[in-house]
Amino acid sequence: MEALLLWTVFPYICGTILIVATFYRFIYRGKSWTAPSTEIFEKKWLRIGSIVFHYGIIFAFVGHLMGVLIPIEVYNSLGVDDHTYHIFAIVGGGFAGLMVVMGLIFLLIRKFSFPRVKAHTSFGDYFTIVLLLLVAGLGTYMTIIYNTTVVAYEYRLTIGPWFRSLFTFNPVSGLMLGVPTLFKVHVVLSFLLFASIPFTKLVHMFSFPVRYPTRAPQQYRARDGYRKNEGNKL
Amino acid sequence: MKIKAQVAMVMHLDKCIGCHTCSVTCKNVWTNRPGMEYVWYNNVETRPGPGYPKSWEDTDRYKGGWTLRNGRLHLKAGGPISKLANIFYNPNMAEMDDFYEPWTYDYQNLIKSPRKENIPVARPKSMITGDYIDKPTWGSNWDDDLAGGSEVVPMDPNVQKLQEHIAMEYEKTFMMYLPRICEHCLNPSCVASCPSGALYKRDEDGIVLVDQDACRGWRFCTNGCPYHKVYYNWNTHKAEKCNFCYPRTEAGLPTVCSETCVGRIRYIGVLLYDADKVKEAASVEDPKDLYESQLSVFLDPFDPEVIAKAEEQGINRSWIESAQESPVYKMAMKWKIALPLHPEYRTLPMVWYVPPLSPIMSHITNESQLSAEGYIPAVDDMRIPMQYLASLLSADDTTVIRKVLLKMAAMRVHMRAKTVGGIDDMKKSKLLQEADITIEELEDMARLLGVAKYNERFVIPTGRREMDEDLHYKQGACSIEDLAPPEGMVTYPFERSEGL
């Protein structure tokens, strides 16, 4: 039952919400699609909180790619033994996790303590920060404390293959049953976070302007061709 | 040669009385919404003074505009790679306090207050937090008419640059008004600063706009503009800016600020320019050459070759005729009395200013006995230090300012001689010579600056919708087979919602 509900149905519901709602918002609620900055209200705390959090979460994302998406066989064939992998994962992941948690705490305190920021913080903003803090806090705890005191859990044999199997629509949910509870909670909360992305400010992550360095500095658009994809550029 | 048309504006500062009607009407039309209370697309600054936002000319702090490195133009705040690295926090962005915290008054209290011993008052209330403010401490015109005096004036970056001491004693001081809107530059640094490509310059009229669907609120435009004329709407979390009232100009009407200007200081007209020369013109080595190099990108609308090329490139006949009648062309190109604001930012701004003469002339007491030559030292000894005007309008080149002021003085002398007499014609030629202008031009100038009517001050061709492709589709009609879209034409799978 747990395998079916928690590790098959639940992830697919979350994934569907993420994809469908994201496209819906982009297309029908396009004007709400921004990185809702409050920098104009407060700069000093944002400087620390935002930079530490964002770079931390980028490192953490790369770390999850390496731990969950890349199969253990790849590491084995490259000759990276488990011990080396875990040292790197614990040090790198722990560092990234601490950055995320510290950044989030800074941002959360900032939300409370500056009246201008507080006045413009919605339920969704608090929800996002708190959920992220739970997910990241658990992840960091697992990486730094659980892995070093209890056991360096080999998620590359259970969570990794299960997560990848979701993408092939052939989920091997049984793999998740023996996973330590802490890890299970981390995974479930993460899927909740994924499902909440389209309803919160988190959508701005999909708009990272990667094309900026390659485009012409000056943009011209004809009034006539306003909505014809790119317009004409000089 | 790539010919483009630009709708541009000239403001004749001599006539500005600092009444803020332009600001108020603009605000009532465009920025009286939540998130935009602190925003003034049009504002009038008393100079010397820090302006709005505070010390916006401090390019070391806000890092607006372009700089030249090894002969190449670079955004002063850093190029695309450094912007992407700084995208989580924009170190150069202005804070709300650099503008001001907008407030209203608790008027309800005047009506709803219970009977008390003291008269109820309307307390100021922040429009950001909704809390009462004990006392507002700054506003967009806090230093109007030199209020704040010697405490506030030194915040003006142009003053800090001056060698000369600026007298703040009441009888000795000077001031002038500087109304500002978005410059709709030929080489806009806000556009180049936008990571999302949401800011763009319109092909048809050169108006710089923000695509509200594409803006992601990265905020680099706000300080990337050296004039600080792109604003962050904290309610929609997107950038907004002066749009040159395009719904009006497309219909051939002047902008709201121009329409309502009681001093009639504003002129709107079309200029034709060569878009291929813009980058080169903005890249000249010496900032003092930027004024001349900017003039070099404009094309003579009477030149048959230019007319032929323009028509070939789809510029409508009525736009070419408007360019020939353009008051902006006359003042900026023909008589060279209108100057761009801060050309050293290298954005090639398109709102031009005729420097003020009144503060000089007001201390001439013996004007009825004065010879024409006597006006030359008057220009040189003016109350507004020439360096101050040069710092604003000509990248510190005082010779440019002097020449404009001599022309204005010559116009005054000539028109005075014509109407009340008393000037020796022989000596007038010396002033004319120094001013480098003819009598006919002076009379044309006097007409345009003094008595020109509405349709001479505003020569604005309408947006020609009938030239649009797919116009019938835009109107929602498709009755004629020939008008069907070519096969394979890209259409959107979903229509994006409007107004959400």
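In the set (1) outside any helix (DSSP H, G or I); (2) surrounded by fewer than 24 Cβ atoms within 10 Å (Cβ to Cβ); (3) touching a Ser or Thr at 6+ places or on another chain (Cβ under 8 Å), the condition left unmet by B:T25 is number (1).
Residues in the stretch A:186-204 that are assigned to a helix (DSSP H, G or I) and within 14 Å of chain B (Cβ to nearest Cβ) were compared, and the one that is least open to solvent (accessible area, probe 1.4 Å) is A:V203.
Annotation: of all residues in the stretch B:85-95 being crowded, with 20+ Cβ neighbours inside 10 Å and at the interface with chain A (Cβ under 7 Å from one of its Cβ atoms), the one that is farthest from the chain's Cα centre (by Cα) is B:F88.
Go through the residues of the stretch B:168-179 one by one and say whether even a single one is β-branched (V, I, T), at negative phi and modelled with pLDDT of 95 or more.
Here is the first cut: in the stretch B:168-179, the residues β-branched (V, I, T) are B:173.
Restricting the remaining residues to those that are at negative phi gives B:173.
Subsequent filtering for residues that are modelled with pLDDT of 95 or more retains none.
No: the stretch B:168-179 contains no residue that is β-branched (V, I, T), at negative phi and modelled with pLDDT of 95 or more.
When the stretch A:118-162 is filtered for residues that are within 23 Å of A:F199 (Cα to Cα), touching a helix residue (DSSP H, G or I) at 6+ places or on another chain (Cβ under 8 Å) and of a type in the set (S, T, N, Q), the ones remaining, listed by number, are A:T121, A:T128.
Taking the listed residues B:D156, B:D145, the one that is away from chain A (no Cβ under 14 Å) and surrounded by 17 or more Cβ atoms within 10 Å (Cβ to Cβ) is B:D156, with no other qualifying. Scanning the stretch B:32-49 for residues that are closer than 18 Å to B:M96 by Cβ and modelled with pLDDT under 95 yields B:N32, B:R33, B:P34, B:G35, B:M36, B:E37. For the stretch B:142-151, filtering for residues that are assigned to a helix (DSSP H, G or I) and within 23 Å of the chain's Cα centre (by Cα) leaves 3.
So, A:T38, is that one hydroxyl-bearing (S, T, Y) and closer than 27 Å to A:V188 by Cβ or not?
Numbers: hydroxyl-bearing (S, T, Y): yes; closer than 27 Å to A:V188 by Cβ: no.
Taking the combined requirement at face value, the residue does not satisfy it.
Every test in (1) out of contact with any Ser or Thr (no Cβ under 9 Å at 6 or more places or on another chain); (2) over 26 Å from B:K63 (Cα atoms) is passed by B:D145 save one, and that test is (1).
For the stretch B:216-239, the set of residues classified as more than 9 Å from chain A (Cβ to nearest Cβ), touching a Cys at 6+ places or on another chain (Cβ under 8 Å) and part of a strand (DSSP E or B) consists of B:V230, B:A239, listed by residue number.
Looking only at residues in the stretch B:186-215 that are charged (D, E, K, R) and more than 7 Å from chain A (Cβ to nearest Cβ), which one is nearest to B:A5 (Cα to Cα)? Among those that are charged (D, E, K, R) and more than 7 Å from chain A (Cβ to nearest Cβ), it is B:D205. Within the stretch A:30-48, take every residue that is open to solvent by less than 30 Å² (accessible area, probe 1.4 Å) and without any contact (Cβ under 8 Å) to a residue 12 or more places away in the chain and give me the one that is farthest from B:C194 (Cα to Cα). In this case the residue turns out to be A:K43. Kindly indicate whether A:R116 is open to solvent by 20 Å² or more (accessible area, probe 1.4 Å), out of contact with any Asp or Glu (no Cβ under 9 Å at 6 or more places or on another chain) and charged (D, E, K, R). So A:R116 fails the test. Scanning the stretch A:120-142 for residues that are open to solvent by 50 Å² or more (accessible area, probe 1.4 Å) and either touching a strand residue (DSSP E or B) at 6+ places or on another chain (Cβ under 8 Å) or assigned to a helix (DSSP H, G or I) (or both) turns up A:F123, A:Y126, A:F127, A:V130, A:L134, A:Y141. Within this structure, B:L68 fails the test of being farther than 26 Å from B:K238 by Cβ and assigned to a helix (DSSP H, G or I). Of all residues in the stretch B:223-279, those that are open to solvent by 10 Å² or more (accessible area, probe 1.4 Å), modelled with pLDDT of 95 or more and hydroxyl-bearing (S, T, Y) total 1.
Within the stretch A:143-159, restricting attention to residues that are touching a residue at least 40 places away in the same chain (Cβ under 8 Å) and surrounded by fewer than 19 Cβ atoms within 10 Å (Cβ to Cβ), which residue is farthest from A:Y12 (Cα to Cα)?
Here the residue is A:T148.
Report yes if A:I51 is open to solvent by 10 Å² or more (accessible area, probe 1.4 Å), at the interface with chain B (Cβ under 8 Å from one of its Cβ atoms) and in contact (Cβ under 8 Å) with a residue 12 or more places away in the chain, otherwise no. So A:I51 passes the test. Of the numbered criteria (1) open to solvent by less than 20 Å² (accessible area, probe 1.4 Å); (2) touching a helix residue (DSSP H, G or I) at 6+ places or on another chain (Cβ under 7 Å), the one B:K161 fails is (1). Looking only at the stretch B:31-83, residues that are within 13 Å of chain A (Cβ to nearest Cβ), of a type in the set (S, T, Y) and farther than 26 Å from B:E151 by Cα come to 1 in all. For the stretch A:1-29, the candidate set comprises residues that are within 14 Å of chain B (Cβ to nearest Cβ) and crowded, with 16+ Cβ neighbours inside 10 Å; within that set, the residue that is nearest to the chain's Cα centre (by Cα) is A:T22. Close contacts from the stretch B:267-288, counting a first residue that is in contact (Cβ under 8 Å) with a residue 12 or more places away in the chain and a second that is part of a strand (DSSP E or B) and small (G, A, S), with Cβ to Cβ under 7 Å and a gap of 6+ residues or different chains, come to B:G269/B:A8; B:V270/B:A5; B:L271/B:A8; B:L272/B:A5. As a summary of the residue check, B:S82 satisfies the conditions (1) of a type in the set (G, A, S); (2) surrounded by fewer than 18 Cβ atoms within 10 Å (Cβ to Cβ); (3) within 32 Å of the chain's Cα centre (by Cα); (4) part of a loop (DSSP other than H, G, I, E, B) except for the one numbered (4).
Which members of the stretch B:263-300 meet the condition of being part of a loop (DSSP other than H, G, I, E, B) and either touching a Pro at 6+ places or on another chain (Cβ under 7 Å) or among the β-branched types (V, I, T) (or both)?
If we filter the stretch B:263-300 for residues that are part of a loop (DSSP other than H, G, I, E, B), which is where we start, we get B:263-265, B:283-286, B:296-297, B:299-300.
Within the stretch B:263-300, B:I265, B:V284, B:V297 qualify.
Taking the listed residues A:V91, A:V101, the one that is part of a helix (DSSP H, G or I) and in contact (Cβ under 8 Å) with a residue 12 or more places away in the chain is A:V101, with no other qualifying. Taking the condition within 14 Å of chain B (Cβ to nearest Cβ) and part of a loop (DSSP other than H, G, I, E, B), does A:V179 pass? No, not satisfied. What do you reckon, is A:V101 away from chain B (no Cβ under 14 Å) and either open to solvent by 40 Å² or more (accessible area, probe 1.4 Å) or among the charged types (D, E, K, R) (or both)? In short, no.
The residues of the stretch B:216-239 that are within 16 Å of the chain's Cα centre (by Cα) and within 23 Å of A:R29 (Cα to Cα) amount to a single one, B:Y231.
The values are calculated or read from the model by the stated rules, or taken from the named source; none is laboratory data. This structure is a prediction, so every number in the text was calculated from the model and none was measured. Please note: Cβ atoms are built from the backbone with ideal geometry, for glycine as well, and neighbour counts cover all protein chains shown. Quick note on the areas: whole protein, heavy atoms, side chains included, nothing else; ligands and nucleic acids left out. Shrake-Rupley method; radii C 1.70, N 1.55, O 1.52, S 1.80 Å.
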